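The values are calculated or read from the model by the stated rules, or taken from the named source; none is laboratory data. These numbers come from a predicted model, not from an experiment. Using ideal geometry, Cβ is built from the backbone for each residue, glycine included, and neighbour counts are taken over all protein chains shown. What goes into the accessible areas is simple: the full protein's heavy atoms, side chains included, and nothing from ligands, DNA or RNA. Shrake-Rupley method; radii C 1.70, N 1.55, O 1.52, S 1.80 Å.
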Amino acid sequence: MSCKYQSNALDIPLEVEQLPTITEHSPASLIAFPFEESFPMKCEATGNPGPEFRWTKNGEDFDPYQDPRLITLDDSGTFIIPNNGNLTEFQGNYRCFATNKLGTAMSEEIEFIVPNVPKFPKEITEPIEVMEGQSVILECNPPKGIPPLQIYWMTMSLQHIEQDERVSMGLNGNLYFSNAIKTDSRRDYCCFAAFPRIRTIVQKNAMSVVVKSTSNMSVVSNSLLERKPSLLTPTGKESHTYLVKGEDLQLECIAEGFPTPEVEWVKIGFHKLPERAVVESHGKLLTVEMVNEEDEGKYMCRAKNPHGEVVHYFYVTVEADVVIKCVVKGNPQPSVAWRVNGQPLNDVPTSNRKILKDGTISIHNAKPENSAVYQCEATNRHGTILANANIMIMIVFLDVPDPPEDVIHSEHNGRSVKLQWIPGDDHNSSITEFVIEFEESQHEPGSWRELMRVPGNHHSAQLKLHSHVDYRFRVYAINEVGRGRPSQATERYKTPASAPDKNPENIKIEGHLPHEMDINWEPLSPIEHNGPGLEYKVSYRRQGNGEDWKEHMVKRHSFLVKNTPTFVLYEIKIQAKNHMGWGPDPKIITAYSGEDFPSAAPEDVAVDVMNNTMMQVKWAHVHKDKLNGHLGGYRISYWRLRSLLDSKKTHGDKHTLTFSGERNHAVVTGLRPFSEYSLIVMAFNSRGNGPGSHPVSFKTPEGVAAFSVTSIQKHKVTLTWSPPVDANGVIIGYILQYQLINDTEEQGSLMSLNISADSNKLHLQYLEALSKYKFYLRCCTQMGCGPAVSEERTTVPEASEYGQQLLGVGVSRGSQPVAFQRTGNLYNCVYIYNRDFIVYLHHFTHYVHPVGEGNWKISDALNSSKTFHIIEGLEPGTEYTVRLMTKSWVKCSQEIFLSLAGLASIHGGISNQGWFIGLMCAIALLTLIVLIACFVNRNKGGKYSVKEKEDLHPDLESPGINDDTFCEYSDNDEKPLKSSQHSLNGDLKGGDSGDSMVDYGDEDAHFHEDGSFIGEYSGRKDRVSMEIKGNNQSTA
């Protein structure tokens, strides 16, 4: 037998150095049974370097390798003790240590036990002679041995002595007879003591009991037979039990007397025992497992028979440790020193105090002498701090209050009396309230019930009572400890009879059948009858048709009205009556008679197939006159007719969904793709379902794969997918198609790839930087390919050779391009004029103010998810300065001056300056060169790159620019592709582009990556060709 450690830690490679870890060791107790051949003392450990083992015995070093009688194992700490007759000298407490250069691991202590066989002393016992009815105690006195100890009482033939309320075994092993009878006479009462850990049972010599009959005895002897109870165990009136939190509580009361006493248990101050308390051994043993502070208190056992009773009080104390913690923080970590009353802790020793590993002080079973001021002093090189803790431990006797005395009732006035009492001792805890209880002799004699409560400083109360009841009263007090014992009961007082004070409540109307109405109510309690002859008058009539009340007198608390119309409204009232008269006027309630099934089906049922697994059903409400009851809701039943791959129809399992309330639509999910279904809709009420609607058939489309685009880079993206939920066959592969779809007049060619069925990822390379692509994926079986699922993504920009990144250009209607470059953390404006200011940005705020004026206009924080910004409200003929600022307002770009259309120049006289004339000449020359180049290219059918087209025509009114989804993909499969020459199904046609610069005469304007502006302005709308770069090259 051994113990093994388990760990949830990560597995560490063997080549990594590791601390030693004990992986297996013998149990805490190792018993040397004489029939075993050997006894392994196990100790196994892991570590890197491999650990070395050593042992201690009784706290001293022990080397099993030095004892030739022991068997040792290589590369192990385990040694074996052979059973060769000299085991006693190996008895003791062992501990194993495993050590390498990183540290030492230690096993739990292992006790090697060489047991002695326990024996009962040899003795001769005289027969025990008792008179019939007297009590008997047979003592066991078992020998000492290795626990646990189990005791049994049996005969010589190994038959168990039967135990019951009269005969029982105590916790000490003795056998108790509350009163002896003739059949108890026998000569072979044997006590057996079992020690399961050493597999040993020993027997005490048999004892003899002789019970003499009292039939010929005198009357004096007969009076001894019948007697009130007395306790055989425990003795005295009270006892004290002390436990440590977590131990088990066992309280025992065994009584003698005739007739046999009954034992009952209470916890003083409570109406009942704690929930965890268990009463066993025919009521004589109370057990509470793993006690805590809540189980403390005063318990009482009461043994009673018709001649009297006897009680015993148990004072239970659950002791817990006092814990004092000192939590300090500092750098470097402070050291902590404890003092008690100003002296070092070691100078004031006490046996029940210890310091735990984390520096916490623990005081076990604290006593008043442990009261003191404890000081925690924390020190590091920066200084010292001190904290004091006042620990005051008091053992004051607190208990529940004694019973009130001299309880009397007076001032009798029909149904009202005054009750008075004198409080008992509160036992050092003030009384918080008194509880008055009553018992009546007619309906529930002997049962005490609470009547009312009054504050603890009141010693009388005016009682309001029911009529025709024979009362008696008692009072008990409550304090912080708990509930005290009740007082003696008063003399009886009977109130006169009267008519009922109230009528029945909680009236319920149920219609189990269409033409019935079942009326039920909560009857008056017996004490509320107020007199003899209680009856109920049930009255009912249909509401609103002028009918007279129909009345019936009944003694039960239900009435069935038959032959009612289906689901009509009735008025009902119920009144109580006894021999003294009628109760108060009853309240009228309204309710419907019995329901029937709905008689009409929903109409106008329509199905809208939302996708391949979901549909929406709509219907018209059933008219309320056809519901024949309260509408419960509607139910949809649907079933699968067939797969669209198979022409044969088969009626599948029917599925029914319930939708509560008055609604006219519902969504049904979990359908199978590419299937034909049929459904009906029906209304229901509490009676059941109405007729179903006319069946409606519908079809679901094919399933599609789950498709996503990840890891977007300048020239490469990663595509991932998973198969459709319902493939309608064995998947043989996938078709991937993609296409450049920048917002220009024409679109790129459609590229296609065939992909194997076992693939779920593809890295697509050689794409254009800062370009928008659309990707399509279709799943294929032997029957063909299903519908496509699509995604759109834009690749990231290209970096310049100088480490700067062109962030882009943008235009809007009536505006000119604007470009910004990033240099470090700053953005610089390159060029702008006309009305709208467009900024490409990243975590920046822009500032604008007219030149010469000091009031800056500050925009809101710019949306970092977009790559542009528009400044509106600029005035023509005005000069502006623009700055871009970081959100921290620490860094900004160079100031940008811009002039709107209408000004001849930015600064007066600037046209006369030489540098300006030279700049204009250079721009004119450059413009001429570009015009010539463009003309030549057009005549030769030249091609512009998609990148230039994108820079030229970002359509600001398209969804990708004007809303928050800029640069995000669209999943709208219905969006037409522009100028696509290859389609998914061979039927996609070329289309016109949306709004672009071409429509407004701004064709061919673009920026170089260094930010300089090159453009030509004409009114032509010629179509231009494009070329895309990918793993398949194609030209439009």
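What FRET efficiency, computed as 1/(1 + (r/R0)^6) with R0 = 56 Å and r the Cβ-Cβ distance, is obtained for residue 667 and residue 796, rounded to the nearest 0.05? That pair, residue 667 with residue 796, gives E of 0.90. For residue 694, the shell of other residues with beta-carbons less than 12 Å away shows a net charge of -2, using +1 for Lys and Arg and -1 for Asp and Glu. Give, as ranges by residue number, the residues of the range 492-536 whose backbone N falls under 18 Å from the point 7 Å along Cα→Cβ of residue 560. Answer for this model: 508-521. Can you work out the PRE-style zone for residue 460? Point 7 Å along Cα to Cβ, and I want the residues of the range 417-431 with backbone N under 18 Å. Counting only backbone N, you get 417-424.
The count of lysine pairs in the range 649-794 with alpha-carbon distances below 17 Å, taking only pairs 8 or more places apart or on different chains, stands at 8. With a Förster radius of 22 Å applied to the C-beta separation of residue 608 and residue 639, the computed FRET efficiency comes to 0.75. Extension gain for residue 245-residue 506 works out to 89.1 nm (0.36 nm per residue, less the C-alpha to C-alpha distance). Spatial offset of the range 174-212 relative to the range 41-113 amounts to 46 Å, using the alpha carbon center of each. Label separation (residue 117 vs residue 225): 4.8 nm, computed from points 7 Å beyond Cα along the C-beta direction.
If the limit is 25 Å between Cα atoms, which of 508/550; 502/562; 245/267; 144/182; 502/537 go over it? Numbers along the way, then the final one.
Details: 508/550 18 Å; 502/562 28 Å; 245/267 19 Å; 144/182 34 Å; 502/537 13 Å.
As for pairs spanning more than 25 Å Cα to Cα, those are 502/562; 144/182.
Extension gain, residue 917 to residue 713, is 69.0 nm, computed as 0.36 nm per intervening residue step minus the present C-alpha separation.
Measuring nothing but how far apart in sequence close Cα pairs (under 8 Å, 6+ apart) lie, relative to its length, the range 296-357 scores a relative contact order of 20 percent. Look at the alpha carbon pairs under 8 Å that are at least 6 residues apart: their mean separation over the length of the range 314-440 gives a relative contact order of 20 percent.
Heavy-atom accessible area with a 1.4 Å probe sorts 427, 25, 271, largest first, into 271, 427, 25. For the range 278-384, carbon and sulfur atoms together expose 49% of the accessible surface, with a 1.4 angstrom probe and every protein chain in place.
Relative contact order for the range 473-609: 27 percent, from Cα pairs under 8 Å spaced at least 6 residues apart, divided by residue count. In whole Å, what is the distance between the alpha-carbon centres of the range 261-316 and the range 677-706? What the calculation gives is 64 Å, centre to centre. Computed extension length for residue 658-residue 272: 134.3 nm, one decimal, from 0.36 nm per residue of separation with the Cα-Cα distance subtracted. Looking at the square roots a ≥ b ≥ c of the eigenvalues of the Cα gyration tensor of the range 76-119, which shape do they give, rounded for a/c under 1.5, prolate if a/b is larger than b/c, or oblate? Because a/c hits 1.5 or more and a/b exceeds b/c, the range 76-119 counts as prolate.
Can you give the net charge of the other residues whose Cβ lies under 13 Å from the Cβ of residue 571, counting K and R as +1 and D and E as -1? Net charge around residue 571: +2. Apply 1/(1 + (r/R0)^6) to the Cβ-Cβ distance of residue 172 and residue 323, taking R0 = 35 Å, and write down the FRET efficiency to the nearest 0.05. About 0.45, to the nearest 0.05.
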